[in-house]
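Visitor: Have a look at this one before I ask anything.
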Amino acid sequence: MGASFPPARYSRVPPTITVAVAEADGPIDVEIALDDDIQDDPTELCTLLENENSAKTTWVTVAIAYAKHKKLDVAIEVLTKSNTVFARGRAEDRLSILNGLCWLYLLKCREAPRMVIDGHPNPQSRTKDFYIQAATSVLNDASRISPSYPPLFLARGVLYLLRSSLQAPTTSAGTNQMSSERMETLKQAAKCFEDALRSSGGKNLMAKMGKARVNYSMGKYAEALKAYQNVLESSPELIDPDPRIGIGCCFWQLGFKDDAAGAWQRSLDLNPKSKIALVLLGVYNFHRTAQLPPSDPGFLGLTKKAMSQYIAPSFQQDNMYPLTCATLGNWYVVRKAFDKVDVLSKRAIELTDVGAVASDGWYQLARKEHQQDNTAKAIDYYTKADQARGGDDRGYIPAKFGSAQMRVLMQDYDGAKFRLEKILQQQPTLEAQILLGTLYAEDVFAAQANNSQEDKSSELKKALKYLEDVSKAWKDPKKKATPDQAVLLNLARLYEADHPDKSLKCLEEVEQMELDGIPEEDYPEDIEDEALLKKALRELLPPQLLNNMACFHYQAERFLQARELFQSALNACVKAAGRDETIDTDALVTSISYNLGRTYESEGMLDDAKGVFESLLERHPDYIDARIRLAYIILRQNPNDEGPAAVSKLFKENDDNVEVRALYGWYTSKSKKKTLNFADDQEQRHYKHTLQKFDKHDRYSLTGMGNISLAIAREMRRDTEQDKEKRRKTYERAVEFFDKVLQLDPKNAYAAQGIAIALAEDKKDYSTALQILTKVKDTLKDYTVFMNLGHTYCEIKQYSRAIENYEAALAKDKARDPTILACLGRVWLLRGKHEKSLPAMKTALDYSQRALDLAPDQIHFQFNVAFVGFQIALLVYSLNDAQRTLAEVQAAAIGLDEAIESFSAIARSPNPPFPKNDIEQRANMGRNTMRKQLERALQSQQKYEEQNASKLQQARELREAEARKREEQKQKEMEAAAERNRKRIEEHQKLQERDREYMERRAEEERRRQELIDDSELRRTERSANRKKGGKRKKKGEMDDSETEGGESDDGERPRRRRTTASGTEGLTDEERPRQKKRKLERKNKEPIGKYKSAEVIVDSDSEGEADLPIDGSESAEEGLAAPRPRKAARVISEDEDDDDDEAGSRKAQNGADVAMDDDEEDE
């Protein structure tokens, strides 16, 4: 391979050359230095070579020497001069000169800039296009001399490759990765390399490499990989150019990143100075860091490895190599060394002939300008980075995203959305989804902040879609995406109105991320309980987060969790103030304390709530919300004295505050005198004054006006058509108030509920009312919603649903509300009458009695209890004897007497709930009719039960006898099953004992058999020893048994199968052991019986069918046979053959016959 490794490209250039110069005294040899002392100016040298008519090879050698010393312009000048000198000679002599000149132009093209960035171009500097045109001109001249000159094919192929790299990529999306012009150029390059291979008989390695490079440029990475591998197989010593670099690039494009790194590492092992392998391995290690979060321990190690082991050494070897400059420039962008970024990025853009590298350079310049707030330049550079990779529907995604970011900074939100949506159409990236979802979310938040009536449902859907896709991507382990708190907080705000549970879940995820981010040195000591530790760590979190989480728990009526979070938020405010003095903790503490007080209030801890609000007013006396809640608490604790005074005082001091006026209006509604005249209603006058003087759009006042109209309409008479019309108009006025509220606040649940009530009571439109109330129930957590749902279901006779809603209302801290209990009594009564169910009637009586116990002075509750008792008596009388019992009839009679007394007392009261005459008539009917009917029913029931008592006793005894019989039968079956199980166990034990005995016998037989085998082996060894002592072979009749068994051929034939000793003969000598029967072998010249030799099988007459079976697990005897003679029949020798068989077998072996071999010896 030469003295140096790797070999230099110009290794054949001699250090000096000798030129014969003609002189008067004769020619003189002039030595010209071609090493480091070579002349800078070739004019004198060219003149000498021209005058002395030097050979063409001399000119070419001088030009190569200049090229070796990186003086390409001088080399080009030398070859250009030589081309002029040899122009007077044969045209064919110029071909090699033109070919060399073309290669020098191509080399200059690789080193020349593709463009000049910033400033005026230097007239002396030429771009790649110039040298490509020069190389094309030279090739055309050479082709005119000889188009089939083989070296021209390779040069033209490389020229087409360089030209294709400078052509613009395609801008359209789809499978086509390049423009038609570039594809045509690459096809021309492939044709030239094919011609070069054909002319060289397929031996031109550079043509093979060029063909592989064409396939790679076309995107045919699998074909390119195969081509590079073929080059490596044919020339594994080739390292300049190195096919391993191409193999690695193909693996990279095919997605096998680790295999690519392996190929590049092998290239670096063979050539440690390979700048290409170094920078590619650096890129690979940077790629690995991109798969890890910055907090990963391996992130820093891989970054240092990429820079120190690969990128820096590559840059030291060639600081002008474009890929190295681009990679290093990206590193300096992260380090914010913008001066170096500018130099390296521009160098990469100017010198590269790869569009992707130029795109990286533009992108780094754009990021530099982006961070320096140079918006115009940043947008320009982002656009150029995108266009360098195709732009439009293809292009560079990070550059497109950067351009969208700049549009956001310029507040061109529509332009940013347009570009982000195009990015997502091209490739779904998390960053684009986050930014686009955030922009749409900001549109929604802005509309909410401005109380805009514009429909933002479309923006809401888009924001949720994009941000939810991002949150789903976090759960995909393949994407290795890190959760972003900003995304979760935006989702929480978007979910807040319609999905508070999802909003809370997002906040809890943010809380967990914050907890995970707390350093261990901040953990409290001596806390092992996990719940206590979490509570302590929460105090290190942002108090705003804890406050928001507590608010969601409060809305869901999880007051305990809300209270704990509010308390943790207050403690967090104190610690946050210690860490950062710029935080306005006073505002946070005020808001969180107010929320804590409201939580105490909802839990019924009025004293604690009162203390919180009083402490707030001590620090902020003008905090009107705290004063309102304090006055309300005092009113609840002292509804007669101090409470009304506190509310009135608050109203007088703040009569211009709509919130205070709302509280006073509520207080008025509870304490006013009822009236059916709308104009005379005190609450109505208060609301009207609020709307006229303070806020005509006050939603609370409008809703209160609607509720007043509903209450008046509900109590109005409906005897005449005029009364009915007046009542209908009152309902319509109520609906008008509610509709106005919904225009101001489309999601106002109280106004929607008012419309539902009006529809149910006035229009009897229960289905629409149910739809509205069902939606209101999801928003308004108030018992009144369940009450209204119960009323509506009751009207459409869905009593079970009505009962469910009434009980739900009762569970809303209203267990002692007599109104709800009375409603439950009413619906159970209706259900009992509908189903003729006495238990339902009893339940109705129970609820009515409970309501009366809570309000014993209320006449209508007394009437309800009496009425239910009366209805129970009617139902009991209507049932037949089989459907009731004597006790139920007696109880109904007692209830009827109590109902009659109650009706009489109610009729005498000053304000009966119904006309006095009607109540007295019902009492008289109970005395005169119902009481007699129940007496007859009591007699009939008593007679029925007496008559059926004996039948019932007989039936009871029969059932008991049947039960005893079934129990006895069950007991017998259990005993029979137990007996069967016992027998099965005994049989199993017997089988186990038999198997154990059988296995013991088998073991004993095996032991005896092994002893016989050992004895047989011992005897065989003794016979073999006797045979080796020599002596004449005895005749057959004179041989003893031991000699016959050991009789084998002297030519080294392997012994046959050992003889098996019969059971029971162990321990006997050969003379004492009974002789076994023998069979004689067939004579050698006997004709076969059948047509085929395999048909002849010899079987012992004493053991039929056993001769052909192997013993001791050995293989079939046929597998060990050989047939040297084609017509000779195979022999199968049984193991129980005697001495004669051994001797006959020995003679057969000497004659070339086949014998079966012992399995044991075969194993050896």
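Visitor: So, in segment 658-683, exactly how many residues are in contact with a Leu (Cβ under 9 Å, 6 or more places away or on another chain) and under 22 Å from Pro621 (Cα atoms)?
Guide: Summing the residues that are in contact with a Leu (Cβ under 9 Å, 6 or more places away or on another chain) and under 22 Å from Pro621 (Cα atoms) in segment 658-683 gives 3.
Visitor: Any residue at all in segment 397-416 that is among the hydrophobic types (A, V, I, L, M, F, W, C) and either touching a residue at least 60 places away in the same chain (Cβ under 8 Å) or open to solvent by 50 Å² or more (accessible area, probe 1.4 Å) (or both)? Before you say what the answer is, go through the steps one by one.
Guide: Here is the first cut: in segment 397-416, the ones among the hydrophobic types (A, V, I, L, M, F, W, C) are 397, 399, 401, 404, 406, 408-410, 416.
Going one step further and asking which of them are either touching a residue at least 60 places away in the same chain (Cβ under 8 Å) or open to solvent by 50 Å² or more (accessible area, probe 1.4 Å) (or both), we end up with 409-410.
Yes: one or more hits.
Visitor: Further, regarding this structure: Given the conditions (1) within 24 Å of Gln433 (Cβ to Cβ); (2) surrounded by fewer than 18 Cβ atoms within 10 Å (Cβ to Cβ), and given that Leu507 satisfies all but one, which numbered condition is not satisfied?
Guide: The one condition Leu507 does not meet is (2).
Visitor: Of the residues in segment 77-94, how many are in contact (Cβ under 8 Å) with a residue 40 or more places away in the chain and buried (at least 21 other Cβ atoms within 10 Å of the Cβ)?
Guide: Count: 1.
Visitor: Inside segment 38-67, can you point out the residues that are surrounded by 14 or more Cβ atoms within 10 Å (Cβ to Cβ) and among the small types (Gly, Ala, Ser)?
Guide: Answer for segment 38-67, where residues must be surrounded by 14 or more Cβ atoms within 10 Å (Cβ to Cβ) and among the small types (Gly, Ala, Ser): Ser54, Ala63, Ala65, Ala67.
Visitor: Another question about this same structure. In segment 455-495, which residues are in contact (Cβ under 8 Å) with a residue 24 or more places away in the chain and among the charged types (D, E, K, R)?
Guide: Within segment 455-495, Lys462, Lys465, Asp469, Lys479, Lys480, Asp484, Arg493 qualify.
Visitor: Next question. What is the one condition in (1) under 19 Å from Ala306 (Cβ atoms); (2) open to solvent by 60 Å² or more (accessible area, probe 1.4 Å); (3) in contact (Cβ under 8 Å) with a residue 40 or more places away in the chain that Gln265 does not satisfy?
Guide: Of (1) under 19 Å from Ala306 (Cβ atoms); (2) open to solvent by 60 Å² or more (accessible area, probe 1.4 Å); (3) in contact (Cβ under 8 Å) with a residue 40 or more places away in the chain, only one is false for Gln265: (3).
Visitor: I need the helices (runs of 4 or more DSSP H) fully contained in segment 239-305, keeping only those with at least 2 residues that are within 19 Å of Lys208 (Cβ to Cβ). Break it down into steps so the answer makes sense when it comes.
Guide: Details: elements: 243-253, 257-270, 275-290, 297-305.
Qualifying helices (runs of 4 or more DSSP H): 243-253, 257-270.
Visitor: Any idea which of Gln453, Gln448 is surrounded by fewer than 17 Cβ atoms within 10 Å (Cβ to Cβ) and farther than 16 Å from Leu491 by Cα?
Guide: Working: Gln448 fails: farther than 16 Å from Leu491 by Cα.
Only one candidate qualifies: Gln453.
Visitor: Looking at segment 749-772 only, could you name the residues that are closer than 14 Å to Asn707 by Cα and of a type in the set (S, T, N, Q)?
Guide: Hit for segment 749-772 is Gln753, nothing else.
Visitor: Related question: Take the residues in segment 474-519 that are of a type in the set (Asp, Glu) and part of a loop (DSSP other than H, G, I, E, B); name whichever of them is nearest to Phe552 (Cα to Cα).
Guide: Restricting to residues being of a type in the set (Asp, Glu) and part of a loop (DSSP other than H, G, I, E, B), the top hit is Glu496.
Visitor: Regarding Val341, is this residue under 33 Å from the mean Cα position of the chain (by Cα) and of a type in the set (A, V, I, L, M, F, W, C)? Even if it seems obvious, please write down each step before you answer.
Guide: Numbers: under 33 Å from the mean Cα position of the chain (by Cα): no; of a type in the set (A, V, I, L, M, F, W, C): yes.
Judged against the criteria, Val341 is not a match.
Visitor: I'd like the residue in segment 595-641 that is among the aliphatic types (A, V, I, L, M) and surrounded by fewer than 18 Cβ atoms within 10 Å (Cβ to Cβ) and, out of all such residues, is farthest from Val660 (Cα to Cα).
Guide: Met605
Visitor: Among Leu886, Leu952, Leu938, Leu879, which is the only one that is modelled with pLDDT under 90 and touching a Phe, Trp or Tyr at 6+ places or on another chain (Cβ under 9 Å)?
Guide: Criteria check complete, one pass: Leu886.
Visitor: Which of the residues spanning segment 553-600 are free of Cβ contacts under 8 Å to residues at least 12 places away in the same chain, among the basic types (Lys, Arg) and over 27 Å from Asp782 (Cβ atoms)?
Guide: Arg579
Visitor: Of the residues Arg661, Arg685, which single one is in a helix (DSSP H, G or I), closer than 23 Å to Leu702 by Cβ and in contact (Cβ under 8 Å) with a residue 40 or more places away in the chain?
Guide: Arg661
Visitor: Next question. Name the one entry in Val876, Val889 that is outside any loop (DSSP other than H, G, I, E, B), in contact (Cβ under 8 Å) with a residue 60 or more places away in the chain and surrounded by 22 or more Cβ atoms within 10 Å (Cβ to Cβ).
Guide: Val876
Visitor: Within the set of pairs 6+ apart or on separate chains, which have a first residue in segment 51-64 that is outside the structural domain of Leu34 (by the TED database), a second that is in a helix (DSSP H, G or I), and C-beta atoms under 7 Å apart?
Guide: none
Visitor: Which residue out of Lys747, Lys764 is on the phi > 0 side of the Ramachandran plot, among the charged types (D, E, K, R) and loosely packed, with under 13 Cβ neighbours inside 10 Å?
Guide: Lys764
The values are calculated or read from the model by the stated rules, or taken from the named source; none is laboratory data. The model shown is predicted, which means the values in this text are computed figures rather than measured ones. Neighbour counts run over all protein chains shown; Cβ positions are idealised from the backbone, glycine included. Surface accessibility is based on the protein's heavy atoms, side chains included, excluding ligands, DNA and RNA. Shrake-Rupley method; radii C 1.70, N 1.55, O 1.52, S 1.80 Å.
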